[in-house]
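Right, one structure below, let's go through it.
The values are calculated or read from the model by the stated rules, or taken from the named source; none is laboratory data. Note that the coordinates shown come from a computational prediction; the quantities given were computed from them, not determined experimentally. FYI the Cβ positions are ideal-geometry reconstructions off the backbone, even for glycines, and counts take in every protein chain you see. Remember, those area values only see protein heavy atoms, side chains included, never the ligands or the DNA or RNA. Shrake-Rupley method; radii C 1.70, N 1.55, O 1.52, S 1.80 Å.
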Amino acid sequence: MMIITCPWCGPRNETEFHYGGEAGVAYPADPGVLSDEEWGRFLFVRSNPKGVLHERWSHNAGCRRWFSVHRDTVTHEVGPAR
Amino acid sequence: MSWVPEQPDRVWRSAEPKRRYQVVIVGGGGHGLATAYYLARNHGITDVAVLERGWLAGGNMARNTTIIRSNYLWEASAGIYEHALKLWESLEAELGYPILFSQRGVLNLAHSPQEVRDGMRRVQANLLAGVDAQWLDPMEVAEVCPIVNVSPQLRYPVLGATYQPRGGIAKHDYVAWGFARAASDLGVDIIEHCEVTGFDRRDGRVIGVRTTRGEIGAQTVALSAAGHTSVLADMVGLRVPLQSHALQALVSDLLLPVHPTVVMSNAVHVYVSQAHKGELVMGAGIDAHNSYSQRGAVHVIERQLAAAVELFPVFARAHVLRTWGGIVDVSPDASPIVGLTGIEGLMINCGWGTGGFKATPGIGWCYAHTIAHGQPHPLNAPFTLDRFTTGALVDEHGAAAVAH
Ligand SMILES: Cc1cc2nc3c(=O)[nH]c(=O)nc-3n(C[C@H](O)[C@H](O)[C@H](O)COP(=O)(O)OP(=O)(O)OC[C@H]3O[C@@H](n4cnc5c(N)ncnc54)[C@H](O)[C@@H]3O)c2cc1C
Ligand SMILES: [Zn+2]
């Protein structure tokens, strides 16, 4: 079980959290100007590194707030929230 | 319990990498090996190497729970999985190798009125697609599998099930070895401990791979790397819509025969069969987060066992012998991605996620055709990478029985 540090509640068990996938994926400023390919990429393609991933978690069973961490997808080491 | 055939010391010829091949397949799992075999057998293309970074079938091929079925909802899916099932039915004779394919039937349980409606709909769709399918009420479920608890008192009672009598299981490592041996006999080079670390390109075209055992040229490089596809695709700047997750399974100690079929439940998320030697083989769900570590969280196993014991009270006396994980490549519509990549000389086969074992002979057949002709086989044509641009998804996620 991973221990994830919620910025508001501190270190808690992974089972209290909900996974939100890659962080920093902004909604396109003007979707109308995107090509089909660009739109498809926004909808479906996310980073999938073997290594550090910047990702979203929500503290579902706690304060219910969202935050981002850097986590290594091989070692599961979770870096500081930001 | 049943007899499991002894293995010879050496099943295939181990080869030194040559400087170049007509086709280089990256990944020595079931799909890569089956593809190599059918390239040689169906298309006479024997100048082929299968490169495997670890040992043969050390990826998902020998980590899966070996469930084979073809009762998917959509025509495109039923097409490729039924093609595979037909090949399974004669594969042992084809390969001249024991694979312990056992058509003991697959039950997909329904636990809510919505699942009952979905299951009935899928049975009808399967019948129209030429796939054997039946709808069973709870008493009929108990006849097929007497150890399932069909009491209405359950938290998630069994309200019925779809049944595919031709579904079943096979012995996954023997399947890999059988394909490896047959491909090797036809002249394919199987090269283990050879990791692809980069691609050689000329004028945009892929012309070979860099590996831990030197550079190897190729007319076509065909990826078949399951959970590691994104790592390889990133090396050539190809963006594929995949997320890698850990998926776990476990076996119990050896028991006398208690479980005659395969039972899968989407709602409580457990799927279980009893292997030839007597161990119960059970699969869990994926860990929610991305992962490349071949081990999953214990709480996922705990949840799955709680569900299993409620559904099969006799399992309460069994012991967990071993648990393990594999890295599965999950696509947005839970369907595979097969074919051209937009990069000359590079083909892709991935996205089979939690359910690609059953497809092994079928995808080997179709991917070989795609490589030989430079065009998709009709059965994998719906599964192109560019469906994520056109929007023509094959959405099995909610539609199929369960993911496996
Ligand atoms: C726990 C579990 C249970 C499952 N249960 C079922 C089931 O019941 N039914 C079903 O149909 N499916 C099931 N699956 C899914 C199924 O196992 C996979 O979809 C299928 O095995 C994928 O194809 P493969 O055999 O070719 O993959 P793999 O065996 O994973 O082959 C890919 C190979 O590529 C190699 N590779 C990766 N990167 C490189 C590189 N850079 N260079 C060289 N080689 C590389 C890997 O080492 C690996 O051996 C399950 C999976 C898991 C993990
Ligand atoms: Zn919190």
B:VAL314, A:VAL78, reordered so the largest accessible area comes first (probe 1.4 Å): B:VAL314, A:VAL78
Cα-Cα separations in region B:261-323 greater than 13 Å, expressed as whole percent: 65
For residues of B:231-243, the mean tally of beta carbons on other chains within 10 Å: 3
Accessible surface buried once B binds A (1.4 Å probe; total of both sides; Å²): 1900
Among A:VAL25, A:VAL69, A:VAL33: highest mean-square fluctuation, GNM of chain A, C-alpha pairs under 10 Å: A:VAL33
Net charge dipole size for region A:27-82 [Lys, Arg +1 and Asp, Glu -1 on Cβ; Debye, nearest 20]: 380
Approximate spin-label separation A:MET1-A:TYR27, in nm, with each point projected 7 Å along Cα-to-Cβ: 3.6
10 Å Cβ neighbours from other chains, averaged over peptide B:286-295: 6
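Would you kindly calculate the mean projected area, averaged across all directions, of the convex hull enclosing the Cα atoms of chain A, in square nanometres? Walk me through the numbers on the way to the answer.
Numbers: hull surface 24.6 nm².
For chain A, the mean projected area of the Cα convex hull comes to 6.1 nm².
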Accessible-area composition of the protein assembly as shown, carbon plus sulfur, in percent [1.4 Å probe]: 52
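Just to make sure I understand: if all protein chains stay in place, what is the order of B:TRP352, B:TRP74, B:TRP365 by accessible area at 1.4 Å, largest first?
Details: B:TRP352 25, B:TRP74 95, B:TRP365 70 Å².
Largest to smallest exposure gives the sequence B:TRP74, B:TRP365, B:TRP352.
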Integer Hz, Karplus 6.51/-1.76/1.60 couplings in order for region B:141-146, x for Gly and Pro: 4, 5, 5, 5, 9, x
Rg followed by Dmax, in Å, when chain B is reduced to its Cα trace: 20.6, 67
Cα-based shape type of region B:327-367, given that a ≥ b ≥ c are square roots of the gyration tensor eigenvalues and the cut on a/c is 1.5: oblate
Which of A:VAL25, A:TRP66, A:PRO49, positive extreme of dipole for chain A (C-beta unit charges): A:TRP66
Calculated from backbone phi, Karplus (6.51, -1.76, 1.60) coupling profile of region B:201-212 in Hz, x at Gly/Pro: 10, 9, 6, x, 6, 7, 10, x, 10, 9, 9, 5
For region B:94-156 versus region B:167-197, the gap between their alpha-carbon centres in whole angstrom: 31
Net +/- balance of residues flanking B:GLY160 in space, Cβ distance below 10 Å, scoring K and R +1, D and E -1: -3
Alpha-carbon centroids, region B:316-336 and region B:209-268: separation in whole Å: 11
Bridge type composition, chain B - antiparallel percent by DSSP, nearest 5: 70
Residues of region A:63-82 buried by at least 40 Å² on assembly (accessible area, 1.4 Å probe, chain alone as reference): A:THR73, A:HIS76
Within a Gaussian network of chain B (alpha carbon springs, distance under 10 Å), most fluctuating of B:PHE315, B:PHE179, B:PHE383: B:PHE315
Span-rule helices in chain B, defined as complete DSSP H runs reaching 27 Å or more along the axis (Cα) with Kyte mean at least -1.0: B:75-95
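Computed over the Cα atoms, what is the radius of gyration of the protein assembly as shown divided by 2.2 N^0.38 Å, N being its residue count?
Against the empirical 2.2 N^0.38 Å value, I get 0.97 for the protein assembly as shown.
Tell me the relative contact order for chain A as a rounded percent, counting alpha carbon contacts under 8 Å between residues six or more apart.
That works out to 31 percent.
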Residue-normalised accessible area of chain B, given per residue in Å² at a 1.4 Å probe: 38
